[in-house]
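Note sheet for the following structure.
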Amino acid sequence: MPYYHSAGSVPPKRHTQHRDPDGNLYYEELMGEEGFSSDSSLLYHRHIPSAVRAYRTWDDLPDQSLVPNHPLVPRHLATHQVFPDGVSGLDAVTGRRVLLGNDDVRIAYVVADAVSPYYRNAIGDECLYIEAGDALVETVFGDLEVGQGDYVIIPRATTYRISPRGTVRVYAIEANSHITPARSYLSKHGQLLEHAPYCERDFRLPSEPRVVEETDVEVYIKHRGEGGVVGTVHVLPHHPFDVVGWDGCLYPFVFNIADFEPITGRIHQPPPAHQVFEGANFVICNFVPRKVDYHPLAVPVPYYHSNVDSDEVMFYCGGDYEARKGSGIGQGSISLHPGGHPHGPQPGAMERSLGAEFFDELAVMVDTFRPLLLGEAGRATDDGTYAYSWERNQ
Ligand SMILES: [Fe+2]
């Protein structure tokens with residue numbers, strides 16, 4: 001995050017002695033991006049943050065394999081068929097199943113009702129979109145209460161765990177880079193500009209950090225290894241949540257999709273008007289309930305388009321998506337529209353949309369600039385017929 005925040009106990013001068021009431025020194029940790037050349041925070045630990053008592057490989061990490069989208073076709077992933085309602089016994093970290101991915105980003109999904117282990121992603125930032133339910137996200141920076149429609153942005157290497165309050169549905173966008181607000185929204189010093197569809201007041205930051213005294217605590221670490229994504233489990237002699245204070249510009253935060261102020265126009269606004277975040281070689285956009293195009297001859301649904309340089313992933317997470325009517329897509333569905341194939345409204349949607357004044361739709365879109373491959377859950381949820389949906393419904 002571009003702006004400074006301080007929580008808990010920090011000394012007036014950085015890199016100086018900071019002591020507990022008994023006179024013991026706290027251990028200062030700099031969490032910094034791009035070496036020492038970008039955003040960072042200073043955390044003050046009660047114990048040495050490097051200490052490890054034991055380690056092992058994370059052997060039951062879910063299938064991380066990726067298979068090319070070949071033959072090249074648009075696909076409908078019906079996630080709710082594979083992740084039905086009811087008790088799953090899964091947690092929102094180890095239960096994630098990979099839908100799609102490439103070397104820049106992986107998209108996974110989970111229905112969770114169990115408390116996750118402590119976890120950190122050593123590959124990149126995570127953007128967790130909460131499709132439904134509530135959860136407490138405990139982090140080394142402090143707690144975040146999250147619920148439906150929240151984007152939870154968690155910087156790389158942040159230790160955290162997720163405790164669902166009941167059942168929570170999580171759409172996890174795991175980057176191999178950092179995830180930030182769209183750069184076009186930011187001033188040269190990082191403030192959100194007036195034309196941005198949200199501002200700093202819309203972000204929710206962690207509570208005061210919590211200090212937990214506990215020994216022999218496991219932390220699951222996802223990282224790069226031979227053949228792709230692998231995992232390691234560290235057993236720490238002291239609880240990783242031993243931070244008494246921190247300050248800086250690097251921390252997890254929450255933004256709710258309902259706080260995105262849609263930009264509308266007389267004629268159709270292209271997806272960049274709906275951008276919310278970005279990472280290296282991908283963007284995240286959202287389509288929210290909004291007034292639609294008001295030119296007297298406007299066609300409110302999108303025109304057919306061929307994104308020659310990107311694959312497009314739509315996650316339909318609320319409302320009623322006008323352009324996809326008749327395709328079988330419903331709540332929780334995902335469409336993959338790959339580069340090299342034009343796509344657009346289902347037959348009849350264009351005509352039905354004429355004269356519409358409002359679309360009650362909610363979708364999160366990831367556009368990747370390199371082709372996406374199908375993960376284990378992507379292969380398991382593919383309806384196999386979506387490619388024919390424009391032809392069969394004419
Ligand atoms: Fe599209």
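The values are calculated or read from the model by the stated rules, or taken from the named source; none is laboratory data. Every value quoted in this text rests on a predicted model; they were computed, and no experiment measured them. Please note: Cβ atoms are built from the backbone with ideal geometry, for glycine as well, and neighbour counts cover all protein chains shown. Areas reflect the complete protein model, heavy atoms only, side chains present, ligands, DNA and RNA absent. Shrake-Rupley method; radii C 1.70, N 1.55, O 1.52, S 1.80 Å.
Dipole check for the chain: with +1 at the C-beta of Lys and Arg, -1 at the C-beta of Asp and Glu, and the Cα centre as origin, the magnitude is about 440 Debye. Less than 5 angstrom separates the built amide H of residue 167 from those of 134, all sequence-distant by 5 or more or on a different chain. Taken per residue, the accessible surface of segment 34-107 reaches 53 Å², heavy atoms only and a 1.4 Å probe.
Between amide H atoms placed 1.01 Å from N, distances below 5 Å from residue 158 occur with 121, all of them 5 or more places distant or on a separate chain. Computed extension gain for residue 290 through residue 360, at 0.36 nm per residue and net of the alpha carbon distance, reaches 24.5 nm. Structural descriptor for the chain: relative contact order 22 percent, calculated from alpha carbon pairs under 8 angstrom and at least 6 residues apart.
For the set 362, 297, solvent exposure ranked by accessible area (probe 1.4 Å, protein chains only) runs largest to smallest as 297, 362. In percent, rounded to a whole number, the relative contact order of segment 221-353 is 18, using alpha-carbon pairs under 8 Å and six or more apart. Accessible surface ranking for 143, 259, 242, 1.4 angstrom probe, highest first: 259, 143, 242. Among the protein heavy atoms, those of residue 42 account for about 20 Å² of accessible surface (1.4 Å probe, every chain in place). In this structure segment 258-327 gives 44 Å² per residue of accessible area when probed at 1.4 Å with all protein chains present.
Each residue was assigned an accessible area with a 1.4 Å probe, and for residue 351 the value is about 110 Å².
Its alpha carbons considered, the chain gives a radius of gyration followed by a Dmax of 21.9, 77 Å.
Backbone phi angles across segment 90-96, fed through the Karplus curve with coefficients 6.51, -1.76 and 1.60 (θ = phi - 60°), yield HN-Hα couplings of 9, 10, 7, 10, 7, x, 5 Hz in residue order; Gly and Pro are listed as x. For residue 236, the residues whose modelled amide H falls within less than 5 Å of its own, excluding neighbours fewer than 5 places apart on the same chain, are 53, 217, 218, 219. Only helices enter the 222 nm calculation for the chain: every DSSP H run of n ≥ 4 contributes -39,500 (n - 2.57), and dividing by all residues gives -1000 deg cm²/dmol, rounded to 500. Share of carbon and sulfur in the accessible area of the chain stands at 52%, probe radius 1.4 Å.
Toward the positive end of the charge dipole of segment 201-322, with +1 on the Cβ of Lys and Arg and -1 on the Cβ of Asp and Glu, the farthest Cα among 304, 245, 217 is that of 304.
The distance from the alpha carbon centre of segment 316-394 to that of segment 82-112 is 20 Å, rounded to a whole number.
Accessible area ranking (1.4 Å probe, heavy atoms, ligands and nucleic acids excluded), largest first, for 94, 158: 94, 158.
About the centre of its Cα atoms, segment 1-159 shows a dipole size close to 400 debye [charges on the beta carbon of Lys, Arg (+1) and Asp, Glu (-1) only; nearest 20 debye]. Computed from phi, the 3J(HN,Hα) profile of segment 45-61 under the Karplus parametrisation 6.51, -1.76, 1.60 (θ = phi - 60°) reads 9, 6, 10, 5, x, 8, 5, 10, 9, 7, 8, 7, 6, 7, 6, 9, 4 Hz, with x in place of Gly and Pro. Size descriptor for segment 1-145, Kirkwood hydrodynamic radius: 19.3 Å (Cα pairs only, one decimal).
Computed from point charges on the beta carbon alone (+1 for Lys and Arg, -1 for Asp and Glu), the dipole magnitude for segment 143-270 about its Cα centre is near 600 Debye. The accessible area of residue 28, taken with all protein chains in place and a 1.4 Å probe, comes to roughly 70 Å².
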